[in-house]
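Since the structure comes first, as C-alpha cells, the remarks are kept for the end.
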Amino acid sequence: MSYMGSTFPDSSEYMFFGKRRNRYHRRYTHWFIPWALLAYVCFKRAGWIVPRLAALVDGREAHRDVWACAGFWFVGCLLHILEDAWCGTVPFLRPWKRDVGVHVFHMSNKIGVMSRGEINFVLCSVGISLIAFLLRYFTVESFIAFCVNLWRSI
C-alpha cells in the first residue's frame, strides 16, 4: 500500500492542476501536514494494527484492516515527500512555498535517463529494504552469523 501511495502526490497534481501541473509541482500536494493527519486518523481508526490481507478477504473485522491499508497509503505519500526533499525543496509550514530540502543528489532532466545520484539512491533503498526484510526473520546475532557465512562461501 505504501508503494502505491508513494506515487499519489505527483499523480494527484494532474487531477487538480491539469496542464498547469509544472507550475504547482511540489507545492500543495507535497505539503506533509495533510498526509500526516490522514495517516494518523486512519491508523487511529484501525486501532494501530498492521493490516492482514486475509482479513480483507474473510470479512471479519475487515473495516480495521481497510483503515490500516489507507494509513499505509498515506505513509507512502509522506515517504514520497521525504524523498523529494532529498533532491529538491518541498513546503514545510506554508503549502504555497517550497522552502525545505537538501540536494543530496541531482535529478537527470532527460526522460528515461538516471543520474548517478538516482542510481545510488535506488541501490541504497533496495539494500535497506532487503536488510529490513531479513531482520524480521533473524535476530541481530543470527543475521551477522548468516552474513559472515555467506561472505565466506563467496
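Side notes on the structure shown:
- Counted residues, region 98-154 - those being within 22 Å of the chain's Cα centre (by Cα) and in a helix (DSSP H, G or I): 20
- Output for region 107-136, where each listed residue is basic (Lys, Arg) and exposed (fewer than 10 other Cβ atoms within 10 Å of the Cβ): Lys110, Arg136
- The number of residues in region 48-84 that are at pLDDT below 85 and within 18 Å of the chain's Cα centre (by Cα) comes to 4.
- For region 75-88, the count of residues that are surrounded by 15 or more Cβ atoms within 10 Å (Cβ to Cβ), in contact with an Asp or Glu (Cβ under 8 Å, 6 or more places away or on another chain), without any contact (Cβ under 8 Å) to a residue 60 or more places away in the chain and among the small types (Gly, Ala, Ser) is zero.
- Checked across region 139-152, the condition of being at pLDDT 80 or above, surrounded by 13 or more Cβ atoms within 10 Å (Cβ to Cβ) and more than 30 Å from Lys44 (Cα to Cα) holds for at least one residue.
- Within region 89-99, tally of residues that are surrounded by 14 or more Cβ atoms within 10 Å (Cβ to Cβ) and more than 16 Å from Leu37 (Cα to Cα): 3
- Conditions (1) out of contact with any strand residue (DSSP E or B) (no Cβ under 6 Å at 6 or more places or on another chain); (2) modelled with pLDDT of 85 or more; (3) closer than 15 Å to Asp10 by Cβ: number failed by His25: (2)
- Qualifying residue in region 44-54 (condition: among the aromatic types (Phe, Trp, Tyr), over 21 Å from Asp10 (Cβ atoms) and part of a helix (DSSP H, G or I)): no
The values are calculated or read from the model by the stated rules, or taken from the named source; none is laboratory data. What you are looking at is a predicted structure, and each value in this text was computed from that prediction instead of being measured. FYI the Cβ positions are ideal-geometry reconstructions off the backbone, even for glycines, and counts take in every protein chain you see.
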